[in-house]
Amino acid sequence: MTKTLKYLSISVLFALSWTSCTQERLPCLTPKKATMSIQAKQTDGSYTPVDTALPAALFIAVSGVDPTSGVYFPNRSAFTRSLSPNADSCVWAMATDTAAGSVFDTMVFHYERQLQFLSNACSYVYFYYLDSVVTTHNNIDSIKIITRSVNNDASTEHLQIFFHP
């Protein structure tokens, strides 16, 4: 009986020491994708910005980002878009309305990529620093960079796009 008790206690100690050496991985609770927050504004005759819900905005990735990614936003004035972690610029085409005859504007985003360590669970992610945005002016009047640093903080406004009335 004492021999059995001795083997049982050694087995329990071995099992406890084995499980204490394994490490449980914590889940990544931090957003891993850095996105730009874009606010649509309309300029009236005096160039006073007015929040504008675009009827059917369409964003299509032209280069730098997955070229198959087109995103449709019905009746919205706030949008989020991604930048490419593989290049220092990317191009998006945007239409304010998907109705027939709608004209696209092209936006070229120039930025610096910054590899950022989040945590052991989340690993690394790219953050960006916006240098400039170049655009055509079919529907877009101008673009104003509000915050140049693009990270995983969803509450930051990065760009304001002003449209012709």
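Quick note: the coordinates plus some simple rules give every number you see, no bench work behind them. Remember, it's a predicted structure, so these values are computed and weren't measured experimentally. Cβ coordinates were reconstructed from backbone atoms using ideal geometry, including for glycine residues, and neighbour counts include every protein chain displayed.
If the only charges are +1 at each Lys and Arg Cβ and -1 at each Asp and Glu Cβ, what is the size of the charge dipole of the range 73-165 around the Cα centre, to the nearest 20 debye?
120 debye
For Ser123 and Ala78, what is the calculated FRET efficiency with R₀ set at 30 Å and r taken between the beta-carbons, to the nearest 0.05?
Approximately 0.55, to the nearest 0.05.
Want the number for Val62 to Cys28: 0.36 nm per residue separation, take away the alpha-carbon distance, what's left?
Separation in residues times 0.36 nm, less the Cα-Cα distance, equals 9.1 nm.
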